[in-house]
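Worksheet for the structure shown next.
Read the figures in this text as sums done on the coordinates, not as results from a lab. Nothing here was measured: the structure is a model prediction, and the numbers come from that model. Heads up, the Cβs are rebuilt from the backbone with ideal geometry, glycines too, and the neighbour counts pull from every protein chain shown.
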Amino acid sequence: MQIESLKVFCDLTETESFTKAAQINHITQSAVSQQISSLERQFKALLIERSKKKFRLTREGDLLYQASKEIVQTYERLHSQLQELKDIISGTVRVATIYSIGLHDLPPYIKRYLKSYPTVNVHVEYRRANQVYEDVLGNVVDLGLVAYPVRDPKLEIIPLRKEPMVLICHPNHPLAKSKNLKMSALAGQKFVAFEADIPTRKAVDKVLREHGVHVVPVMEFDNVETVKRAVEIDAGVAIVPLTCVQEEVADKTLAAVHLDEADFSRPIGLLHKKNKVLSTAMKQFVAMLKEPL
């Protein structure tokens, strides 16, 4: 029996998916099945109830999972400590991030990180917020980056920073002439929004409600890039993080206006699974994300 087989079994249990377990361990689904079958033969016990539509461990499978989890964590901790003793920083850091952070906040950090640690491979997945949480909890990725992080007893949340939010509009829009606006100026405006389940949309809606401002939603999108494109053709105005529009404001394809009377700042947080053993490479990546650029 090898540590790798126990890790595959743990990943399968946590993701409840042969596909994801294969993806995490860079093997085929067939190889996952073979390793589980090998464990069952070795322990002479059925580990997974295959007759059920929903993934479910047998009592023997649950017992093996609890023990395997401790063994794998001990091994990973030992491996990390040995690397630290040798002053070696290598391996892979898997990150899931929402689009706005991944496209605008993360690149300069990755550039700085890879310059310092060229032997580390940083793999980035662009996901919706709910998928970031799923990937971190399922061990598909090591770290997650989200806005308005939600507390979860299974997650460790590390606050990073707050980003200012601004109103964006077409340069010829009447509101573009103002440097600062009161919230009441948005009343009745055509509004390009994020989709309803996106945390930034929920936060914007909350502030608008608190100020009694009613806008006219005309479009909804799941990422900031399409929101910006809609505003560039003057489909409406939108509220987005300032970091996401600095290039367009400099090119004068969009105008950004600060809003008074409201704390429009978006908290950014880093997630990882509680009790996860972070490699030296991961620790250094987290430390760098905490630093200002």
Around M288, what is the net charge, scoring Lys/Arg as +1 and Asp/Glu as -1 over all other residues with Cβ under 12 Å from its Cβ? +4
To the nearest whole percent, what portion of all C-alpha pairs in region 3-85 is separated by more than 19 angstrom? 37
Distances over 21 Å make up what percent of all Cα-Cα pairs in region 162-266? 23
Could you derive backbone 3J(HN,Hα) for region 57-67 from the dihedral phi with the Karplus parameters 6.51, -1.76 and 1.60 (θ = phi - 60°), listing whole Hz in sequence and x where the residue is Gly or Pro? 7, 6, 4, 5, x, 5, 5, 5, 4, 4, 5
Which whole-Hz couplings ³J(HN,Hα) result when phi for each residue of region 153-160 is put into the Karplus expression 6.51 cos²θ - 1.76 cosθ + 1.60, θ = phi - 60°, listed in order with x for Gly and Pro? x, 8, 10, 9, 10, 10, x, 10
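From the mean inverse distance of alpha carbon pairs (Kirkwood) and the Cα radius of gyration, derive Rg over Rh for the chain.
Ratio value, two decimals: 1.07.
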Stretched out fully, how many nm does the piece from R112 to E220 gain, at 0.36 nm a residue minus the Cα gap? 35.4 nm
Would you please state which residues of region 253-293 a label at L181 would reach in this model, taking the label point 7 Å out along Cα→Cβ and a backbone N cut-off of under 12 Å? 255-260
Output the pairs from K154/K190; K252/K290; K20/K162; K190/K290; K54/K162; K202/K228 with a Cα-Cα distance over 29 Å in this structure; if there are none, say none. K154/K190; K252/K290; K20/K162; K190/K290; K54/K162
Rounded to the nearest 500, what is the 222 nm mean residue ellipticity of the chain from helices alone, with -39500 (n - 2.57) per DSSP H run of 4+ residues and division by all residues? -13000 deg cm²/dmol
Please turn the phi angles of region 113-122 into ³J(HN,Hα) values with the Karplus equation 6.51 cos²θ - 1.76 cosθ + 1.60 (θ = phi - 60°), one per residue in order, whole Hz, x for glycine and proline. 5, 5, 5, 7, 10, x, 8, 8, 9, 9
